[in-house]
Structures are given as C-alpha cells and as structure tokens.
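To start, the structure itself, in structure tokens.
The values are calculated or read from the model by the stated rules, or taken from the named source; none is laboratory data. Please read all numbers here as calculations on a predicted model, not as lab measurements. Cβ placement follows ideal geometry from the backbone for every residue including glycine, while neighbour counts extend to all protein chains displayed.
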C-alpha cells in the first residue's frame, strides 16, 4: 500500500487566515484527491489531480485552491478560511486491483 | 441529482445476523465502478468491496457481498454473521471514467447489538 501522510493532523485557525494542508504519497501514484467530510454529507470531492500541474475541480471547490508541483505532494489551500470550512479533510490516491481510493488519516480543521 | 443515495442514516442489527445496507446510484455512463467503504469510530476509511458495471456476478469478499441490480441502479451491501466490530459508518461510492472521479453517499451508521 502507498504511504499517505497528511499534515497537519489537527489545526485550529481564525476566520480570514490562509491555511495550507499537505498530502504526501510515497509511490508515484498519478491521481490524488482532496475530500471534505461533514456529518450528513458524507465525503465530497474538493479538487483532484491527474498529474504534476494537472488539476481539476470537484463538487465543492469554491474557496479552495490546490497545487501539485511534485508527484508526491498535493497541497490544498484555503485562501481565507471561513467557519463553513470547519471539517475533516481527507487526501486519497487511486491504487489497487480496482483503482480504489486509498485514504490518508485525515486532517481535522477548525475555523473559529 | 445525487449520484449516490443512501437512504438509511442508521441501522441496528443483532450480532450474528445478516444486514443489508442500501445504495442506489445515478449515472448515464455505461462504464463505472461501485465501492463500499467502512469508517470505524477511529476515523480511517477502509475499502471493503468492488463491483464493476460489466461484471456479471455479484462481488463477494469474505462476509461482505454486493447485491448488484443494474436495471434498478442499486448496489446494496450485505454483511453476513454480523460482529461487534462491524459497528461503523458505511459509505457507498461510484467511480466514473471522467477524471477517475469518485462520488460518495452520505453514509449509513451500523450498530451491532450483542
């Protein structure tokens, strides 16, 4: 299995501040994804990447931007955090026999 | 329209009994994949089972089976002989070819009663 790490694992920030979450994978997988998980909404795709510098929007991309300058790193940025962006953020890659999603441990973000 | 619908927010099952978690999906693409994931209270997402849209047989993986009814666009998860460790959130998901995108349902919370 690919090693996926997310940093930070927990963050508390204030409204209006910029926040960057990092996802790091160790096995050169092409596809990487950012999701947010909220009660009653399941997981919703924010952005995904299909290669270095190749990214596309997901279902809930407003207020978020991403960058992928290296295969192993996929960054999610909240330019000006809002309380509605309080959530658990999961990074994922596609791997395995069925190209299933393999998830990182998640980042719990609280915006006060 | 929702791509994945899970209509059961919470389910209870007696230990050792079987339980079915419902999932319906919506896509016009003939090629897609269906997945189930488990999320225990610890928070990690665990892949359980996969069904391809062209697969003729229902997928099985140990105590998990996927009841795939293509005409009804349903992909229900059946857990046989429930165990206390099966208590968790369960998510149904669909992959479409465009961008290898995944769509997840809102989840079903399963509680196994001793």
key: Boolean, residue A:66 is within 14 Å of chain B (Cβ to nearest Cβ), in contact with a strand residue (DSSP E or B) (Cβ under 8 Å, 6 or more places away or on another chain) and in a loop (DSSP other than H, G, I, E, B)   = no
message = Just to be sure I understand, how many residues within region B:16-46 are more than 10 Å from the chain's Cα centre (by Cα) and under 17 Å from residue B:110 (Cα atoms)?
response = 12
key: Count of region A:75-96 residues which are within 14 Å of chain B (Cβ to nearest Cβ) and part of a strand (DSSP E or B)   = 9
task = Say whether the condition of being in contact (Cβ under 8 Å) with a residue 40 or more places away in the chain, within 12 Å of chain B (Cβ to nearest Cβ), in contact with a helix residue (DSSP H, G or I) (Cβ under 8 Å, 6 or more places away or on another chain) and in a strand (DSSP E or B) is met by at least one residue in region A:39-62.
result = no
key: Matching option when the condition is over 28 Å from residue A:105 (Cβ atoms) and modelled with pLDDT of 95 or more, among B:16, B:38   = B:16
ask   = Would it be correct to say that residue B:29 is farther than 15 Å from residue B:10 by Cα and in contact (Cβ under 8 Å) with a residue 24 or more places away in the chain?
value = yes
task = Select from region B:22-38 the residues that are more than 13 Å from chain A (Cβ to nearest Cβ) and assigned to a loop (DSSP other than H, G, I, E, B) and list them in ascending order.
result = B:22, B:26, B:27, B:28, B:29, B:30
